[in-house]
Amino acid sequence: MSEQTVIAGAVAPARQRIPGLIRRNTVFFALAQALQGSGTQMLVALGALIVLELTGSALLTGIGVSAMQLSRIFISYPLGKLADTFGRRPAMLAGLACGMMGAPFLAASVLLESFPVFLFGAFVFGMGVGATQQLRVAVADMYPPTRRGEALGYLLTGSLVGTLIAPALIAASERLTGVTGVPELAMPWLLVPGTVLPTVFIVLAVRPDPKTIATNLADYWPGHPAAPARRGRGRMSFWEYLRAYPRLTASACYAPAQGVMSMLMATTPLVLKHHGHSLTSVSIAVTLHVLGMYAFSIPLGRLADRVGRVRLLWGGLCTSVVGALLVPAFPLYAPITLGIFLVGVGWSAVFVAATAVIADTSTPQVRGRAVGVNDSLASAFAISLPLLGGLLAESIGFMAVGVFGAALAIAPMTTLLRLREDAPGVYRGYADEEEAA
């Protein structure tokens, strides 16, 4: 008899072979994540340089990333509602259209030497980046609770592949700059359609829509019990999202993890430069950080399915605390790099576990909006932290940044203490909340 796991009062196969259709769709979504995720890297890598060229000041170099975070506050919930109403694919296609529209404005900002145009372009382009967040809703839709963390791990692995695409685009644009005469900071954005258009066709190739799979899991996973009918009003406001304690806890953990990562990503290059390390060393440290974010996503996802989401949240937050303190504590390259690597690993663990909690506690009819609320809250929390980190480093010192980051990661632990998980994906007392609703 195969190993079995009890989930929500039903017995489901734990290590069943992934059905072919689900496996194919998962590969498509991982490819879409790789292609679309490269846009985020380009905005991080080039945004600061564009701002420096347009303003002549380093003070606002992080504003491009802040504009992208701001756009996610506004776009995450509407995209989620679109996904819940019409399906996951239309929502992703709408987001991709925003990304396609934003890229020419970013190129134009360099050509016209216009800072306002850059801000507008970063905001619109950020809406396209926000579309990638619906990818994790779609992947979670296609898997039963016993495999949900593993599924999210597959998706994040696509982001690891995507880390190679942005440098390739930038390298190609450098060659084209010499031929066309287009400024080197504008050309990469003119190549963005080369990643967006394939992503559109990849999303269109996904059949059927993941929301359809989510509402009929037993039809796609032989042996999986049919999901019990759940009463729901098909709504997911901010208040209704937060009223479920597991979701509240997931967001309380995810927002600081995202904020700490954003702040330390902006600060670590300054720490390395302060201690005399080369630009090559800085580049290697950033690469190791990205590896920490994505390279272990599959084993972390399987861990979430095996030992539970709550334990993985604890592990992710504790890892973030250690990483935040290591970065500024020593002048040596090894501990600084280990610190930013651990911050990435901690974020990955929290990302997988928190998303799994939200999917576990949200029906397919409202799951897109639930993830949208979480992303809006996280973006609102993290939008100013990169700038605050720079202010702390300049006024008090780098160690203050590390201590502040560690405090942010520790803060949600008091909330996490109250969340009890009887089995992976089954939260004590939550069923009663659902019936009362």
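The values are calculated or read from the model by the stated rules, or taken from the named source; none is laboratory data. The structure presented is a predicted model; accordingly, all values stated were derived computationally and were not measured. Quick reminder, even Gly has a Cβ in these numbers, built from the backbone with ideal geometry, and neighbours come from all protein chains shown. For the accessible areas, the whole protein counts, side chains as well, though only heavy atoms, and no ligand, DNA or RNA atoms are used. Shrake-Rupley method; radii C 1.70, N 1.55, O 1.52, S 1.80 Å.
With the structure loaded, tell me whether GLN41 is under 19 Å from the mean Cα position of the chain (by Cα), farther than 27 Å from MET236 by Cα, crowded, with 17+ Cβ neighbours inside 10 Å and in contact (Cβ under 8 Å) with a residue 60 or more places away in the chain or whether it fails that test. For GLN41, the condition - under 19 Å from the mean Cα position of the chain (by Cα), farther than 27 Å from MET236 by Cα, crowded, with 17+ Cβ neighbours inside 10 Å and in contact (Cβ under 8 Å) with a residue 60 or more places away in the chain - is met.
Of all residues in the stretch 288-331, those satisfying the criterion of being under 27 Å from ALA393 (Cβ atoms) and either of a type in the set (D, E, K, R) or under 15 Å from the mean Cα position of the chain (by Cα) (or both) are HIS289, VAL290, LEU291, GLY292, MET293, TYR294, GLY316. Restricting attention to the stretch 173-215, the residues being at pLDDT 90 or above and of a type in the set (Lys, Arg) number 2.
If you check ALA83, ALA107, ALA67 for being out of contact with any Pro (no Cβ under 7 Å at 6 or more places or on another chain), buried (at least 19 other Cβ atoms within 10 Å of the Cβ), under 14 Å from LEU135 (Cα atoms) and of a type in the set (A, V, I, L, M), only one passes: ALA83.
Suppose we filter GLY315, GLY339 for residues that are of a type outside the set (Val, Ile, Thr), assigned to a helix (DSSP H, G or I) and crowded, with 20+ Cβ neighbours inside 10 Å; which single one remains? Criteria check complete, one pass: GLY339.
For the criterion of being hydrophobic (A, V, I, L, M, F, W, C) and under 28 Å from GLY368 (Cα atoms), ALA83 passes. Would you say PRO116 is assigned to a helix (DSSP H, G or I) and either under 21 Å from GLY344 (Cβ atoms) or among the β-branched types (Val, Ile, Thr) (or both)? When the stated conditions are applied, PRO116 does not pass them.
Looking only at the stretch 188-213, which residues are more than 28 Å from ALA172 (Cβ to Cβ) and open to solvent by 50 Å² or more (accessible area, probe 1.4 Å)? Of everything in the stretch 188-213, those that are more than 28 Å from ALA172 (Cβ to Cβ) and open to solvent by 50 Å² or more (accessible area, probe 1.4 Å) turn out to be ARG207, THR212. Answer yes or no as to whether LEU52 is modelled with pLDDT under 90 and over 24 Å from ALA380 (Cβ atoms). Taking the combined requirement at face value, the residue satisfies it.
Has the stretch 155-176 got any residue that is in contact with a helix residue (DSSP H, G or I) (Cβ under 7 Å, 6 or more places away or on another chain), open to solvent by 50 Å² or more (accessible area, probe 1.4 Å) and more than 30 Å from ALA370 (Cβ to Cβ)? Yes, that holds for at least one residue. Taking the conditions exactly as written (in a helix (DSSP H, G or I), under 20 Å from ASN374 (Cα atoms) and modelled with pLDDT of 90 or more), does ALA103 satisfy them or not? So ALA103 does not fit the description; no. Of the helices (runs of 4 or more DSSP H) lying entirely inside the stretch 361-437, those containing at least 3 residues that are within 27 Å of SER71 (Cα to Cα) span 367-382, 385-395, 398-410. Right, ALA218: open to solvent by 60 Å² or more (accessible area, probe 1.4 Å), closer than 19 Å to VAL137 by Cα, at pLDDT below 90 and not charged (D, E, K, R) or not? Considered against the rule, which asks whether it is open to solvent by 60 Å² or more (accessible area, probe 1.4 Å), closer than 19 Å to VAL137 by Cα, at pLDDT below 90 and not charged (D, E, K, R), ALA218 comes out as no.
Look at the stretch 380-397: where a residue is in contact (Cβ under 8 Å) with a residue 40 or more places away in the chain and farther than 29 Å from PHE238 by Cα and a partner is open to solvent by 60 Å² or more (accessible area, probe 1.4 Å) and assigned to a helix (DSSP H, G or I), sitting 6+ places away or on another chain with Cβ atoms under 9 Å, you get GLY390/LEU270; ALA393/LEU270; ALA393/HIS274.
For the stretch 348-365, filtering for residues that are open to solvent by 10 Å² or more (accessible area, probe 1.4 Å) and either more than 10 Å from ALA140 (Cα to Cα) or touching a Gly at 6+ places or on another chain (Cβ under 8 Å) (or both) leaves 4.
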